[in-house]
């Protein structure tokens, strides 16, 4: 008699099981294919129709990446296996254990997680045979969760939810602040908006938000912090270009470059366009914006199109697909008054917004990116006119992409004069008052150079 193969039940988009499977698949694409979290989400949510399901998948995928270390350690400890088969099962189990870890403020009741994890396996041809294993492992954890947590915490991967090499790098780079940085990496980023002062002042916009029932306060020249995140579609004036979402530390870039009417400015490595738009909001300038990716440059164009109706002055924007260091491919020989060099980096300062970053990076990426950064800065310096300003920006908290990079640039360019700049803006959980941030900023590095007028 031939065996009967039953077809797995079709999971509805409204079920938690459906979202768990999709979120775990997103994590697999990040960890096993090297995709960014955004790319993986886009691939796995094609065909998903309901906004509720899309929101649940994204929420669980971000949660899973933020809690990946503990999930991985518990999966190995309780299953007794270094690697489950099929391999994507490891991500599903890590997500399940991540959801069960916190019994004080759980995202879902424990019994719901176990039930829906088993149902997810039942509804998947790939994991159908693993439903018994999933059920046994998850219930094993719940029977003695405190003991399992204690065992897991013996592994630094579970202690910090970040790769061990990443933690060691933070300790060496910031011995007094690394624990705060780790804590911030596990937190949800606040919603900070940049107010387009061509349309409305920051205090007036904060007042408008409060009147609409969205608690908000001014935290910078153009920065307004909302007490609770909301969809951008709910922000008054967003579609009209009155506000853009941008972290308070990132807003410093255009302010520090301080463009003036009539100047010629370069925004190198411009995507996704937040700083590009900010430059145009601050002054009527001729702006050249570069990015090596046509797709990413398309995002710059979309951002500028949204704020364009507010830019009533004389401004000119030219978008060019090019690598900044390859001058022959894009530079017309006319020097710039100012250059914003937001060079490619590890992104170590924005992990709370992109929890996939530490898992995608490798230790040798720091040196590789540092070489690229040096090439870009050296090339761009020749396009700056005497007396002009170059602002170096990285969203990194690693020294090779901060002070070491800036000092090497000064050593190599005798005609570069260091100007006042914040240096590191360190990530913090509750704010960074000593650096002028009373709300939690992302991590950035800023260095500012003037080209000697006599050069």
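FYI, it's all coordinate maths here, none of it is from the lab. Predicted model, so just to flag it, every value in this text is computed and none were measured. Quick reminder, even Gly has a Cβ in these numbers, built from the backbone with ideal geometry, and neighbours come from all protein chains shown.
Compared with the dominant principal axis of the Cα atoms in the chain, helix 68-79 is inclined by about 20°. Angle of helix 202-211 to the longest C-alpha principal axis of the chain, folded into 0 to 90 degrees and rounded to 10: 30°.
Sequence-distant contacts, meaning Cα pairs under 8 Å at least 6 residues apart, place the relative contact order of the chain at 12 percent. A Förster distance of 35 Å, applied to the separation of the beta-carbon atoms of residue 187 and residue 85, puts the FRET efficiency at 0.55. With neighbours defined as other Cβ atoms within 10 Å of a residue's Cβ, the residues 292, 396, 370 order from fewest to most as 292, 370, 396. Legend: calculated FRET efficiency, residue 334 to residue 107, from the Cβ-Cβ distance at R0 = 35 Å, rounded to 0.05, equals 0.05. Residues 334, 350, 164, ranked from the fewest to the most other C-beta atoms within 10 Å, line up as 334, 164, 350. The sum of -39500 (n - 2.57) across all DSSP H runs of n ≥ 4, divided by the residue count of the chain, sets its helix-only mean residue ellipticity at 222 nm to -13000 deg cm²/dmol. Under the definition of Cα pairs under 8 Å and six or more residues apart, what whole-number percent is the relative contact order of the range 1-156? Relative contact order comes out at 25 percent. Of the beta bridges in the chain, as assigned by DSSP with both residues counted there, near 55 percent are antiparallel. Once the Cα atoms are used to define both axes, helix 89-101 deviates from the longest principal axis of the chain by about 90 degrees. Put the Cα centre of the range 214-230 next to the Cα centre of the range 326-367 and the gap is 28 Å. The DSSP beta bridges internal to the range 247-451 are antiparallel in roughly 40% of cases. Ordering 445, 238 from the fewest to the most neighbouring beta carbons within 10 Å gives 238, 445. When Kirkwood radius over Cα pairs in Å is computed from the coordinates, the matching label among [x] 23.9; [y] 21.9; [z] 30.5 is [x].
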